[in-house]
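Step one of this worksheet: look at the structure below.
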Amino acid sequence: MRPSPRKLSRRDLLERWWVLPVAGTLGAFGFMGWYASRVTFGKERVGAPNFQPEEAQWVASRSALSEEWAEVGFTYAGRPCVLLRVPEPVPGGLSVDGAHYAAYSRVCTHLGCSVNLVRDLEILAFAYNYRPPQEDRHPQLGCPCHFSVFDPLGAGEAVFGKANGPLPRVRLEARGGDLYATGIEPAPELGG
């Protein structure tokens, strides 16, 4: 004969109620730890360019980008993009007559907001809570929605914030004194 199961009394229930909030708290802190480690250490590295060919489109004349960190906004393959004149060669960029150019999609890889070139590093430190290391003290591309930061000299790599993937690069081509966009990397799945 089996013993009858013990019924849970109201008193037993009240003595063990603490298990629910403790389990909920441990679960919440566990999730926050996992998410923080993913955002901090889970950034995708920039690989070799994976340009998808598109129709060639005039972007700007090289004379419009006469100084380093000059920028020109444009739309290519239905995506807002930015063309930058940078001080050194960038993987996936273009170098012509000693001038270096890089172009990126302006669509943040976190949730799709538009990134902007942040020239003032104090604004980057104050508003984005990011101060680049000494060797990377140059303008960065920042997303004002959730404060992700991308390095334009690092091929658009995500260096801070919730975005884990790099910005898609745009392939550039020089034709005389003009710059043309001729391909773009595929857009990543947002939220990654």
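Some points to look at:
- Rounded tilt (10° steps) of 19-41 against the dominant C-alpha axis of the chain: 20 degrees
- When the convex hull of its Cα atoms is projected in every direction, mean area for the stretch 37-192 (nm²): 8.6 nm²
- Near Phe160, the amide H atoms lying under 5 Å from its own belong to Val149; only residues 5 or more places off or on other chains count, and H is placed 1.01 Å from N.
- Computed per residue of the chain from DSSP H runs no shorter than four, each worth -39500 (n - 2.57), the mean residue ellipticity at 222 nm is -6000 deg cm²/dmol.
- Over the chain, accessible surface divided per residue gives 58 Å², non-protein components excluded, 1.4 Å probe.
- Filtered GluC sites (Glu not before Pro), the stretch 90-192: DSSP coil and at most 13 other beta carbons within 10 Å: Glu189
- Summed residue charge, Cβ within 12 Å of Glu44's Cβ, Lys/Arg positive, Asp/Glu negative: +1
- Computed from phi, the 3J(HN,Hα) profile of the stretch 47-52 under the Karplus parametrisation 6.51, -1.76, 1.60 (θ = phi - 60°) reads x, 5, x, 10, 6, 9 Hz, with x in place of Gly and Pro.
- In terms of packing, defined here as the mean over residues of other Cβ atoms within 10 angstrom, the peptides 71-80, 162-171 line up highest first as 162-171, 71-80.
- Residue-wise HN-Hα coupling along the stretch 124-140, computed from phi with Karplus coefficients 6.51, -1.76, 1.60 (Hz; x: Gly, Pro): 4, 5, 6, 7, 9, 6, 9, 10, x, x, 3, 6, 10, 7, 8, x, 10
- Net charge dipole size for the chain [Lys, Arg +1 and Asp, Glu -1 on Cβ; Debye, nearest 20]: 1600 debye
- Percent carbon-and-sulfur accessible area, the chain, ignoring ligands, DNA and RNA, probe 1.4 Å: 57 percent
- Distance from the stretch 1-55 to the stretch 104-121 (C-alpha centre basis), Å: 31 Å
- Trypsin sites (Lys or Arg not before Pro) lying in DSSP loop within the stretch 16-115, provided at most 10 other Cβ fall within 10 Å: Arg16, Arg45
The values are calculated or read from the model by the stated rules, or taken from the named source; none is laboratory data. It should be emphasised that the depicted structure is a prediction, and the values quoted were computed from it without experimental measurement. Please note: Cβ atoms are built from the backbone with ideal geometry, for glycine as well, and neighbour counts cover all protein chains shown. What goes into the accessible areas is simple: the full protein's heavy atoms, side chains included, and nothing from ligands, DNA or RNA. Shrake-Rupley method; radii C 1.70, N 1.55, O 1.52, S 1.80 Å.
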